[in-house]
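We did not get these values from a lab; they are worked out from the coordinates using the rules stated. None of these values were measured; they are calculated from a predicted model. With ideal geometry, Cβ positions are generated from the backbone for all residues, glycine too; neighbour counts draw on all protein chains shown.
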Amino acid sequence: MKRGQCIVIAVLTLILVGGAFAQQETKTITLSLETCIIKAMENNLGVAIEVLNPELAEISIAAAREKFLPDLSLNYNRRDTNSASYSFLDAAETVATLYSDYGAVLNQALPTGGSFSVTVDNYKNESNRSFQSINPRYGSTLTFDFTQPLLKNFGYKNSRKDIIVANNNLAISEKDFETALQDTIYSVEEAYWNLVYSRNC
């Protein structure tokens, strides 16, 4: 292929490529002020973070209120003992003792700063000793416990301070969220009308 033919082919190629670029249309996007505000809300990380803060504050309030929910705990123990007999009173060469105890404890925090608890303990003792007249032997104990501070940590407000702080944090986070929304809307409106003014000048 001659040099002149190469130049002609190169020129034709450039003309075709240039024509293709010239035929491309420029796309124009028309956005209203409302659409701009909505898109700014959807894509603003600061607003997204402020949305989460009231939810976290509500979780803190729920956790603080759990202080006044009753607390129930159960326990069970079992001990099986086998030992050599050292007395002629024992019935066998090996003394076997089976001891088990079980119980429940209910604790309740009071709004005045005190606490109230109920405890139930039960046990069963079984042995092969000959001199043990009651076999197996059972026992139960019921205990009530009430505690109320009279000076330090006394009072309704003191016992609810965590709830009060959590409620205040919720109010603050809601106010911060509202401020973030207002700032974002103001910034979008300012940029929008500045663009409209610059295009009309």
Q: Sort the following peptides by mean Cβ neighbour count (other Cβ atoms within 10 Å, averaged over residues), highest first: 94-106, 41-53.
A: 94-106, 41-53
**Q.** Cβ-defined net charge surrounding LEU74, 13 Å radius [Lys, Arg +1; Asp, Glu -1]
**A.** -3
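Which of the trypsin sites (Lys or Arg not before Pro) found in segment 72-170 are loop residues per DSSP with 12 or fewer other Cβ atoms within 10 Å of their Cβ?
For trypsin sites (Lys or Arg not before Pro) across segment 72-170 that sit outside H, G, I, E and B with at most 12 neighbouring Cβ atoms in 10 Å, the list reads LYS152.
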Q) Cα gyration tensor of segment 58-201, axes a ≥ b ≥ c as square roots of the eigenvalues: rounded (a/c below 1.5), prolate (a/b > b/c) or oblate? A) prolate
Q.
Could you give each residue of segment 108-121 its phi-based ³J(HN,Hα) in whole Hz, using Karplus coefficients 6.51, -1.76, 1.60 with θ = phi - 60°, and x for Gly or Pro?
A. 9, 7, 9, x, 7, x, x, 8, 9, 9, 10, 10, 10, 10
Q) Per-residue HN-Hα couplings for segment 35-49, Karplus 6.51 cos²θ - 1.76 cosθ + 1.60 at θ = phi - 60°, whole Hz, x for Gly and Pro? A) 5, 4, 5, 5, 5, 5, 5, 5, 10, 9, 5, x, 5, 4, 5
**Q.** Backbone N within segment 127-141 under 13 Å of label point (7 Å from ASP121 Cα along the Cβ vector)
**A.** 139-141
